[in-house]
Amino acid sequence: MKKFAFALLSAVMLFACLAPAAFAEYSTPFGLPATAQPGAANSAAELKYSLREGGRYIYCNNPEQLYGYNIGKALIIENDIAGDVFFTNENRNKSGQNIYTGLQVRNDSGEDIKVTVKNIGYMSSNSDWFGQMEWTDFFNTTYRLERTSGDFSFSRPVEPKAFEPQTFTVPHGKYIYVMGGTSADAYGGANAGGTADMPVKNGAIINGAVYFTVEGPETGVSAAFVCYDSSDAPVLTTEQQGYIVEKDGHSFGRQYLGSAPYLCAEASMAWNVNDDFEDGGRLPIKYSVQYYNNTASAGNYGRYTNPLKNTVTGTTWYTHLNSANHNTYFGTDMMPFYCVTEDGAPVVIDIHHNDGTGKPANIGNWMVVYEEYLGFTNSGRNTRRFSLFIKVKGLLAVNVRDENGGLIESFYHNDASAPIFDIEVRGGETRGVSLEYVLLADCYGSVEHYVTAGIIKPAFVPGDVNGNGKIDAADYAMAKRAFLKTYALGEEQAERADINGNGKLDAAEYAMIKRHYLKTYVIPGAEGK
């Protein structure tokens, strides 16, 4: 069960000199977020998270553990699906026998439909609690793990199965499984991504993610996530089991299922710094949170009243937690869950309602994709290294991409001390990074973020006053005039002339530059110059 708590691979990349790697197999159906514009130098970036429209997200984590009474049931049914659909599930087989789970797409529209499976990851295992294999396959890319220990030790090499999009034509009155299921009862023996006919053993964890598109009428096509024990007895009911709070002594009220008219969470943010900004300091941020302090009075499924507003300023921002549980968390990044109860009554469980236990919903955005753009403008002279850090209790599947969406690296992040990325930005430049990440199953629903802005000191030859890479007559002349106070060195020139680091050009340093030029002495660090 998920818990409320503050919750990625040493991903240190110098973007200034590292070209995107050739990950031809990488595939994502989620587009890039908008590009933000920075404000005034050293001012706080105003952050906003939102949910992207243009598709449908369906999630099934309730009941998290599947028992005998779930066999032969449709855990959730979503009617009238069309266009882009993204489905994820997280369950465990506790039925005492082998079972099958699968997402059926049923066509009762009166005409043929086309279903294209674009991305898919589906696994069952006795050890992979977090679903690492699922996301490796879903994004069709190779992930590395920052730090391997304990629960984060992988049960198999993290290499994806090769997958190309598959399109199925489904006549009226037929169905296929777009993930899992059994091919014997599916129309035309459909087997999406080779995930069919995989019995889930008793005790195994089941994690799945599939992104597909439905072409056809706007009504009459449905998706049903089903649990059954044989292709001879498929689940064809039009009644869904619904959201279970408690059954047979097992509590499921803190796990969720439902759908939302969104595909993913997204944000776009940008900063501008100059040379006055602290070396290594954290970039300032500002955002608003709407929350409630009267949640107990709302009761089961109750809608909150009298919203309050909190303005968060500082250097750290917080995602993946209901703002009703902590008012520094955005909340606007959280998926709502539209579902029905066991009795068929429609309810919504989100940041504005209690769940079926009468508590603020424990909806940590597990398995929701985040698409973010982070932009950096350096209006100073010193080159800056911007580094993003994310603290998470569990694992994030992270894809770091350039501004055009080209993949730079994919990895599983669980090390708060390792930056997600480093990007070097020279003075007068603007550069950006696109980030795609997922909080894996069975992790804590709380994520903290911050960005640092370090100064990269230029490498130079001590005594090379004019910076041309050698100590020559011009350096000797400039040092002499500066020592005699007939010429004022610039800031960088003075730094190169300050060989002993005492903050000024003194007689000893002038003498060293003169003797080095006359080849009667060698300045340490300037050998051969």
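Calculate the tail of P(r) for the range 313-392: the fraction of all Cα-Cα distances greater than 23 Å, expressed in %.
Details: 1286 of 3160 pairs.
When every Cα pair of the range 313-392 is considered, 41 percent fall beyond 23 Å.
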The range 430-498-the range 346-387 distance, computed between alpha-carbon centres (Å):
34 Å
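Using the number of other C-beta atoms within 10 angstrom as an exposure proxy, rank Ile349, Ile71 with the fewest first.
Numbers: Ile349 26, Ile71 19.
Exposure proxy ranking, most exposed first: Ile71, Ile349.
I need to check one value: relative contact order of the range 460-529, counting alpha carbon pairs closer than 8 Å and at least 6 residues apart, in percent. Don't skip to the end; give the middle numbers.
Details: 94 pairs, mean separation 26.5, N = 70.
For the range 460-529, the relative contact order is 38 percent.
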Partners for Lys161 among aspartates and glutamates (Cα-Cα distance below 17 Å; same-chain residues under 8 apart left out):
Glu25, Asp128, Glu134, Asp137, Asp197
Between Ile499, Tyr521, Ile471, whose Cα lies farthest towards the positive end of the dipole of the range 460-529 when Lys and Arg beta carbons carry +1 and Asp and Glu beta carbons carry -1, centred on the Cα centre?
Tyr521
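Please report, in debye to the nearest 20, how large the charge dipole of the range 399-529 is about its Cα centre when each Lys and Arg carries +1 at its beta carbon and each Asp and Glu carries -1 there.
On the way: 14 positive and 20 negative charges, 240 e Å.
That gives the range 399-529 a dipole magnitude of about 1160 debye.
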Would you order Lys504, Lys94, Lys286 from fewest to most other beta-carbon atoms within 10 Å of each residue's own beta-carbon?
Lys504, Lys286, Lys94
Explain nothing, just compute: Karplus ³J(HN,Hα) = 6.51 cos²θ - 1.76 cosθ + 1.60, θ = phi - 60°, for every residue of the range 313-328 in order, whole Hz, x for Gly and Pro.
10, x, 10, 10, 10, 10, 10, 6, 7, 4, 5, 6, 8, 7, 7, 9
Answer in debye to the nearest 20: the dipole magnitude of the chain about its Cα centre, from +1 Lys/Arg and -1 Asp/Glu charges placed on Cβ, is 1720 debye
Along the positive direction of the dipole of the chain (beta-carbon charges: Lys, Arg +1; Asp, Glu -1; about the Cα centre), which of Tyr211, Asn325, Met367 reaches farthest?
Asn325
Calculated from backbone phi, Karplus (6.51, -1.76, 1.60) coupling profile of the range 112-118 in Hz, x at Gly/Pro:
5, 10, 10, 10, 10, 8, 9
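By per-residue mean of other Cβ atoms within 10 Å, what is the highest-first order of 358-365, 413-420?
Values: 358-365: 22.9, 413-420: 19.9.
Most protected by this proxy first, the peptides run 358-365, 413-420.
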A student applying the Cα gyration tensor rule (rounded when a/c is under 1.5; otherwise prolate if a/b is larger than b/c, oblate if not) would label the range 56-96 prolate
Apply the Karplus parameterisation 6.51 cos²θ - 1.76 cosθ + 1.60, with θ equal to phi minus 60°, to every residue of the range 280-290 and state each ³J(HN,Hα) to the nearest whole Hz, in sequence, with x for glycine and proline.
x, x, 7, 5, x, 9, 8, 7, 10, 10, 9
Residues with amide H under 5 Å from that of Glu371, placed H, sequence gap 5 or more:
Ala265, Glu266, Ala267
Tally Lys and Arg at +1 and Asp and Glu at -1 over the other residues with C-beta under 15 Å from the C-beta of Ala526: what net charge comes out?
-1
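In terms of the Cα gyration tensor, with a ≥ b ≥ c the square roots of its eigenvalues, is the range 460-529 rounded because a/c is under 1.5, prolate because a/b exceeds b/c, or oblate?
On the way: a/c = 1.42, a/b = 1.33, b/c = 1.07.
Since a/c stays below 1.5, the shape of the range 460-529 is classed as rounded.
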Please work out, to two decimal places, the log10 of the ratio I(q)/I(0) at q = 0.10, 0.13, 0.16 Å⁻¹ from a Debye calculation in which every Cα of the range 63-241 carries one identical scatterer.
-0.37, -0.63, -0.93
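What ranking do 204-210, 172-178 get when scored by the average of other Cβ atoms within 10 Å per residue, highest first? Present the calculation step by step, with values, prior to reporting the outcome.
Working: 204-210: 24.6, 172-178: 21.6.
Ranking the peptides 204-210, 172-178 by packing returns 204-210, 172-178.
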Projected onto the charge dipole of the range 255-351 (+1 at Lys/Arg Cβ, -1 at Asp/Glu Cβ, origin at the Cα centre), which of Gln255, Thr316, Ala296 gives the Cα projection farthest towards the positive end?
Ala296
Cα centroids of the range 232-292 and the range 46-82: how far apart, whole angstrom?
12 Å
Expressed in angstrom and ordered largest first, the alpha-carbon extents of the range 371-529 along the principal axes are 69, 26, 25
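Looking only at Cα atoms, what is the convex hull volume of the chain per residue, in Å³? Don't skip to the end; give the middle numbers.
Values: hull volume 86.7 nm³, N = 529.
Dividing the Cα hull volume of the chain by its residues yields 164 Å³.
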Under the helix-only model (-39500 (n - 2.57) for each DSSP H run of 4 or more, divided by the residues of the chain), the mean residue ellipticity at 222 nm, to 500 deg cm²/dmol, is -2000 deg cm²/dmol
Which net charge results for the neighbourhood of Asp232, defined as the other residues with beta-carbon distances under 15 angstrom from its beta-carbon, given Lys and Arg at +1 and Asp and Glu at -1?
-3
Count charges around Thr341 for me, please; just the other residues with Cβ under 13 Å from its Cβ, Lys/Arg as +1, Asp/Glu as -1.
-4
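Every number in this text was worked out from the coordinates using simple rules, so none of it is lab data. The structure presented is a predicted model; accordingly, all values stated were derived computationally and were not measured. Cβ: placed from backbone, ideal geometry, glycine included. Neighbour counts: every protein chain shown.
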